[in-house]
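The values are calculated or read from the model by the stated rules, or taken from the named source; none is laboratory data. This one's a predicted model, so the numbers in the text were calculated from it and none came from an experiment. FYI the Cβ positions are ideal-geometry reconstructions off the backbone, even for glycines, and counts take in every protein chain you see. These area figures cover heavy atoms from the full protein model, side chains too; ligands, DNA and RNA do not enter into them. Shrake-Rupley method; radii C 1.70, N 1.55, O 1.52, S 1.80 Å.
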Amino acid sequence: MFKKLFAVVLSLVVVSSVFCACGDDNKATISKDDTSTDSTTQTTEAVESSLIQSGVTEISDLTGEKSKINSYMDIINGGTYTLSGTLTTHSMGLVSESPVKISSLDNDDFYYNVTTVAASSEYLVTDSVAYVLNVNDQTYALCESKTVDSIKAGVNTYLPSLKTLTYLDTYEVEYNDESYVRERYEVKNNVGEEQTVSYFFDGDELKIIRFDSNVLETIIQSDFTVSEFENEADESVFEIPDGYTEITETELEQNKNNTPSSDEYILALFESLGVTDEDLESMGYTKEEVLAMDEQERSVFLAELFGESFE
């Protein structure tokens, strides 16, 4: 049970923290998932059913009609584009919303950011060098924890190449009280896990990219609601901003993880799992000590927490 819950939490952190932050106008949120009836796990049968699009009503079968995603893949293959929107993720009784922006210039330089409640940072690849930035204190560092290729793979997560997709079906559907045409595919994500990716169209306009993943029999459902998708990019985002100070990546990560937003994430996780102050004290910690931990210390603490509470 420990391995299962720890893997799920790590997968949620991966979804949230491989990206980075912007301003208050795009603040991320995390809250209890009022649509969830089971905040922990489901049976294998229920998981399989959920992967066939929970919350989606199929109206009519359009399988075999001309694909609508091809024109968007043409933009991606062109190498210069901007994709913006909001990533909403449901799992373990929590729902998080994270604004996202991705830019690519000539398929050589990449920039992406996500405002999350778990972390605050940006990644930038320019002239084949990777950087991580912290907008909160205007610092940057050479990125040693992620390679240029791994950052590019993260950028490609939202619209994986058609060569990697296995087509399933096309349906007219109702989702969130709206009508769409949905194209559905199977794909392996950038860490090798199988998932279903679905593209929801209003006419020919891409509105939602939905990912359904099965992590140790627990469903993680993520919707990326598209607000902007165009075949151009602001070249200024591919440069280190004026006024930023270079520090080490270790220093940047320490500063990034001791922010009100990362504290909010940990507190929401405690509430969802029913972890009390008494539980922490029995493990030799106080809540204040947990909130002051750096990323590595929190990883060790979470492993210990789930080992104590869910064996």
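Values for this structure:
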{"item": "Unmet requirement for residue 118, which otherwise passes all of (1) at pLDDT below 90; (2) within 19 Å of residue 196 (Cβ to Cβ); (3) open to solvent by less than 50 Å² (accessible area, probe 1.4 Å)", "result": "(2)"}
{"item": "Selected residue (only one of 159, 133, 124 is in contact with a Phe, Trp or Tyr (Cβ under 9 Å, 6 or more places away or on another chain), more than 21 Å from residue 229 (Cβ to Cβ) and crowded, with 20+ Cβ neighbours inside 10 Å)", "result": "133"}
{"item": "Long-range neighbours under 9 Å by Cβ, at least six apart or interchain, first residue under 22 Å from residue 99 (Cβ atoms) within region 143-160, second among the basic types (Lys, Arg) and buried (at least 16 other Cβ atoms within 10 Å of the Cβ)", "result": "154/146"}
{"item": "Number of the exception - residue 103 against (1) surrounded by 21 or more Cβ atoms within 10 Å (Cβ to Cβ); (2) at pLDDT below 90; (3) in contact with a helix residue (DSSP H, G or I) (Cβ under 7 Å, 6 or more places away or on another chain)", "result": "(2)"}
{"item": "Test result for residue 133, farther than 22 Å from residue 82 by Cβ and modelled with pLDDT of 85 or more", "result": "no"}
{"item": "Enumeration of residues in region 145-156 that are open to solvent by less than 60 Å² (accessible area, probe 1.4 Å), closer than 17 Å to residue 211 by Cβ and of a type outside the set (A, V, I, L, M, F, W, C)", "result": "154"}
{"item": "Filter result (modelled with pLDDT of 90 or more and not hydroxyl-bearing (Ser, Thr, Tyr)) within region 139-164", "result": "141, 142"}
{"item": "Number of positions in region 198-248 that are free of Cβ contacts under 8 Å to residues at least 60 places away in the same chain, open to solvent by 30 Å² or more (accessible area, probe 1.4 Å) and of a type outside the set (Lys, Arg)", "result": "5"}
{"item": "Selection count where residues are among the polar types (S, T, N, Q), under 24 Å from residue 145 (Cα atoms), modelled with pLDDT of 70 or more and assigned to a helix (DSSP H, G or I), scope region 248-299", "result": "3"}
{"item": "Residue 60 being at pLDDT below 90 and over 21 Å from the mean Cα position of the chain (by Cα)", "result": "no"}
{"item": "Considering residues of region 123-162 that are part of a strand (DSSP E or B), more than 13 Å from residue 108 (Cβ to Cβ) and among the polar types (S, T, N, Q) only, the residue nearest to the chain's Cα centre (by Cα)", "result": "134"}
